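Read the structure below first, then the notes.
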Amino acid sequence: VERLLQTVRSQLPVYMVPSAVVVMDELPLTPNGKLNRQALPAPDRGDVSGGCHTPPRTPLEHSLCALFSDVLQLDSVGIQADFFALGGHSLMATRLVSRIRDVLGVDLSLRSLFEMPTVAGLSEVLQDEAPVTQAAIRMSPVAMADRHDKASRPVSFAQQRLWFLDQLEPGNPVYNLAWPVRLYGELDVEALRRAMAVIVDRHEVLHMTFATADGVPVQVPADLHEVPVVVEDLKDAVNGALDARLVELTREPFDLTCGPLLRVHVLRVAPNDHVLLLLMHHIVSDGWSMSVLFRELGVAYNAFTRDEMPQLAELPVQYADYAGWQRRWLAGEELQRQVAYWKRQLDGVPPVLKLPADRPRGILPGHRGARLNRLLAPPLVDELKSLARSHHCTLFMVLLAAFDVLLARHTGELDIVVGTPVAGRSRTELEGLIGFFINTLVLRTDLSGNPRFEELLERVRHTALEAYAHQDLPFEKLVDELQPVRDTRHTPLFQVLFNLHNEPAQMLELGDLRVVPFGIDRHTTKFDLSVNLVEGACGLRITFEYNTDLFAAETIEAMLGHYVQVLESVVATPGMQIAGIPLLDEVSEGARAAQARRVRPRAPHEVFAAPAGTLVDRFEAQV
């Protein structure tokens, strides 16, 4: 194999050289005799990075190699292997830092990992513990509270905000989380019921309700240890009835005062064709939680179909323990440290990002939304990752920097503010819990001075790393501390969300059933514009979810095309000044319609021109 690779490298262009070679006795085939690509084993990503298999030399390096392998899910990692070149990203980096804290007793800063992303480099940093602990404040562990206390329990800061929003708009379905999957095969409904009962009994947050004590929301344990599995027959329904029924179910409101805040529906389309719909209110769940639920549901269902009891590890803590710990930890010195950073970072932040809208804002923010998608081909995604590695960044940072350029050109502003979600699970004991942990960071980027894209990327990298170092301050607490001017027409601090989904993805496995996940377009949105990016085998899917009360589909279609053009340009010429990045309208009916309505991106000289010295000169230049 090595000789073959040497021959290939000497005779083919670099972009045609395989990054990894896997030797197999035979190729897996489908029943029709075709290549079964899904059954092919994943290549050892460690072979992609030179020096990956250099063995550890010290006990510390042995420990770090084991932690790298655990987080990256690799069989082995050498001391010179780059964490990010092997597939690591910011969320994996946070998990690695948590494990280093648990195993080695050292609070490593996330920035240290970005600056020293190899085992060899980190071992040198960890040998001198003092600088590390100065950059990362030690966190006390989350402890299990007394379970004999049946009194109400505190809510987390994130739960408090959703409770407050529910008081303003009771039953608003925008915070309903829906997870549908299609099940082909013979479904054991009784095993499904028993499996869901196990999960509800394991996770206390799923049988909590919410009440008010002295004007403050609290969690109240409810006498609920089983969630009904509602089976509905749609065998004789006309075309489109299934989609309509799913949308109808996702819009049914939850009552936070009485629960349950989890619903399970089974829609029978045919004897061996069902749709399983899991519905949860966001106040008790998030995206990571669904991976936990899918994993445990598969274990329990498969056990019950074999007349066995499911074997699930005991949970170290519950969500209520985390909520109490969060309020104790974010007090005093630590609260002051995090608030001080965000006050400096967001001083003078623009109250609203003025994207050119097709319609004026209403008095209250509307939640009616729609989506447009675009798929980036794998070669372009690989080039974006290569650009990130060459600048010690993550793919997220490259994508965000390009998006900042897009927003600057469409708004004419150089002070760009977007929100981005983070998992909020900074401790290993929280990774196996169902609950609402996700937090939102406010990322502010300065595009002044017409920097080269490489320089802008460094600015974004610095901003992101600083935000990660202060990610434990809940967004709700940040708003309370900053006290921005509140406007009922838009959300505070940011109106555009940017999210690269890299949370753990767990496929639901139910016996011999073939499980096919799919999405539901509920035609709702929380922000003016939400950009969601998901990487898969076919490439990187970009979804622009937009507020239809503000934007027409043609406007968002043009903007989505512009974003792809920016990505292609920065990959080709990362040293280009951002004012020179082309932003030509795509030849499409949507783009022409948007241009006809005079909704267009600003020209480079309108955005990035250096201001003259006097007001008169500036006015003349603008004219």
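The values are calculated or read from the model by the stated rules, or taken from the named source; none is laboratory data. Just so you know, these numbers come straight off a predicted model, no measurement behind them. Positions of Cβ are backbone-derived with ideal geometry, glycine not excepted, and every protein chain shown enters the neighbour counts. We work out accessible area using only protein heavy atoms, side chains counted, and drop any ligands, DNA or RNA first. Shrake-Rupley method; radii C 1.70, N 1.55, O 1.52, S 1.80 Å.
At 1.4 Å probe size, with the rest of the protein present, what percent of the exposed accessible area of region 384-533 is carbon and sulfur atoms? Intermediate values should be presented prior to the final figure.
Details: 2400 of 5090 Å².
Carbon and sulfur atoms account for 47 percent of the accessible area of region 384-533.
Determine, for each peptide in 346-357, 170-181, the mean count of other beta carbons within 10 angstrom over its residues, then list the peptides with the highest first. Mind showing how you got there, number by number?
Working: 346-357: 14.6, 170-181: 17.2.
With the highest mean Cβ count within 10 Å placed first, the list reads 170-181, 346-357.
Between region 347-373 and region 521-577, how far is it from one alpha carbon centroid to the other, in angstrom?
If we compute the Cα centre of each part, the gap is 15 Å.
Separation between the residue 368 and residue 327 pseudo-spin-labels, each 7 Å from Cα along Cα→Cβ, expressed in nm?
Between residue 368 and residue 327, the label points sit 4.0 nm apart.
Leaving out ligands, DNA and RNA, what percent of the accessible area of region 285-365 is carbon and sulfur, probe 1.4 Å?
Details: 2170 of 4040 Å².
Percent of accessible area from carbon and sulfur atoms in region 285-365: 54.
Determine the gain in length on full extension of the stretch residue 29-residue 80; use 0.36 nm per residue of separation and subtract their C-alpha separation, reporting nm with one decimal. Provide the component values of the computation, followed by the final result.
Values: separation 51, 0.36 × 51 = 18.36 nm, distance 3.70 nm.
Gain in length upon complete extension: 14.7 nm.
Relative to a virtual label point 7 Å from the Cα of residue 520 in the Cα→beta-carbon direction, which members of region 275-311 show backbone nitrogen distances below 12 Å?
Residues 275-281 fall inside that zone.
If you roll a 1.4 Å probe over region 49-125 with all protein chains in place, what percent of the accessible area is carbon or sulfur? Present the calculation step by step, with values, prior to reporting the outcome.
Details: 1490 of 2860 Å².
Carbon plus sulfur share of accessible area: 52 percent.
For residue 209, enumerate residues with amide H under 5 Å from its amide H, sequence gap 5+ or separate chain, H modeled in the peptide plane.
220, 222
So which GluC sites (Glu not before Pro) in region 299-366 end up in coil per DSSP with only 13 or fewer other C-beta atoms within 10 Å?
Numbers: sites: 308, 314, 333, 334; in loops: 308, 314.
When the GluC sites (Glu not before Pro) of region 299-366 are filtered for loop state and at most 13 Cβ neighbours within 10 Å, 308, 314 remain.
Please compute the length gained on full extension between residue 537 and residue 386, using 0.36 nm multiplied by the number of residues separating them and subtracting their Cα-Cα distance. Working shown, then result.
Values: separation 151, 0.36 × 151 = 54.36 nm, distance 1.74 nm.
52.6 nm is the gain from fully extending residue 537 to residue 386.
Residues in region 235-259 near a label at residue 270, defined as backbone nitrogen under 17 Å from the 7 Å Cα→Cβ point?
235-243
Tabulate in residue order the Karplus-calculated ³J(HN,Hα) for region 330-343, using 6.51 cos²θ - 1.76 cosθ + 1.60 with θ = phi - 60°, rounded to whole Hz; enter x for Gly and Pro.
Karplus values, whole Hz, x for Gly and Pro: 8, 9, x, 4, 5, 4, 4, 5, 6, 5, 4, 4, 5, 5.
Please list 3J(HN,Hα) in residue order for region 431-445, calculated via the Karplus relation 6.51 cos²θ - 1.76 cosθ + 1.60 where θ = phi - 60°; whole Hz, with x for glycine and proline.
With coefficients 6.51, -1.76 and 1.60, one gets 5, x, 9, 8, x, 9, 9, 4, 10, 10, 9, 9, 9, 10, 10 Hz.
Could you go through region 154-161 in sequence order and give the Karplus-derived ³J(HN,Hα) for each residue, using 6.51 cos²θ - 1.76 cosθ + 1.60 with θ = phi - 60°, rounded to whole Hz, and x for Gly and Pro?
Rounded to whole hertz, the list is x, 9, 6, 4, 5, 4, 4, 5.
Sort 25, 480 by accessible area with a 1.4 Å probe, largest first. Before the final figure, lay out each step's value.
Numbers: 25 165, 480 85 Å².
Descending order: 25, 480.
Which of the pairs 343/477; 354/477; 354/526 have their Cα atoms more than 21 Å apart in this structure? Display every interim value, and only then the final one.
Details: 343/477 12 Å; 354/477 25 Å; 354/526 17 Å.
Over 21 Å apart, Cα to Cα: 354/477.
Need the full-extension length gain, residue 454 to residue 314, defined as separation in residues times 0.36 nm minus the C-alpha distance. One decimal, nm.
Details: separation 140, 0.36 × 140 = 50.40 nm, distance 4.77 nm.
Full-extension gain reported as 45.6 nm.
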